[in-house]
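Step one of this worksheet: look at the structure below.
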Amino acid sequence: MAEYPAVAVLAGSKSDQAVVQDATKTLDELGASYDVQYISAHRNPNALREYIAGSKARVFIGIAGLAAHLPGVIASATTRPVIGVPVGVKLGGLDSLLSIAQMPPGVPVATVGIDNARNAAILAAEILALTDPKVASKLDTMRRSWR
Ligand code: RP5
């Protein structure tokens, strides 16, 4: 297991907190360590870049609503995998979903469904599980519990 938080969970606003908690609850279930930060990509872009540069996280989860550029901006600053969670604020979340999913070729963001932070956390754990047997075992147990 990594000694530093393995997943960085970043959200654009404290108003995204309920969705953030869906992610962290699932990461707790799967034994994946994480750090949570609320940093707006448009209000505080310098702090966001500094955080990413200083982070040793192996996977980033970016949670944002409306224009939802946060996950794309995270991906612009790192080659580590980024998972985006569109938050349903307006337009049923379709604006956020398209903003996150429609990244131009070359800078991908793996996108989950609207407000589906649980899937983002499971996907992050699946990435960690490639090299972390404890997380792999927890994922296996979770899947078995659904049978
Ligand atoms: C996005 O705009 C945030 O991720 C949030 O989902 C939405 C509203 O933000 P606030 O008005 O609460 O700052 O940047």
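The values are calculated or read from the model by the stated rules, or taken from the named source; none is laboratory data. Please read all numbers here as calculations on a predicted model, not as lab measurements. Every residue, glycine as well, gets a Cβ built from its backbone with ideal geometry; the counts of neighbours run over all protein chains shown. What goes into the accessible areas is simple: the full protein's heavy atoms, side chains included, and nothing from ligands, DNA or RNA. Shrake-Rupley method; radii C 1.70, N 1.55, O 1.52, S 1.80 Å.
At a glance:
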item: When residues of the stretch 1-40 are limited to those that are among the small types (G, A, S), touching a Leu at 6+ places or on another chain (Cβ under 7 Å) and closer than 21 Å to L130 by Cβ, the one surrounded by the fewest Cβ atoms within 10 Å (Cβ to Cβ); result: A6
item: Filtered residues of the stretch 41-61 (kept if surrounded by fewer than 17 Cβ atoms within 10 Å (Cβ to Cβ) and of a type in the set (S, T, N, Q)); result: N44, N46
item: Selection status of G72, within 13 Å of the ligand (Cβ to nearest atom) and under 16 Å from the mean Cα position of the chain (by Cα); result: yes
item: Verdict on L97 being at pLDDT 95 or above, in a helix (DSSP H, G or I), in contact with a strand residue (DSSP E or B) (Cβ under 7 Å, 6 or more places away or on another chain) and more than 16 Å from the ligand (Cβ to nearest atom); result: no
item: Condition broken by K56, with the remaining ones in (1) touching a residue at least 40 places away in the same chain (Cβ under 8 Å); (2) more than 10 Å from the ligand (Cβ to nearest atom); (3) touching a Leu at 6+ places or on another chain (Cβ under 6 Å); (4) not aliphatic (A, V, I, L, M) satisfied; result: (3)
item: Identity of the residue in the stretch 112-137, touching a helix residue (DSSP H, G or I) at 6+ places or on another chain (Cβ under 7 Å), open to solvent by 50 Å² or more (accessible area, probe 1.4 Å) and not acidic (D, E), that ends up farthest from K56 (Cα to Cα); result: I114
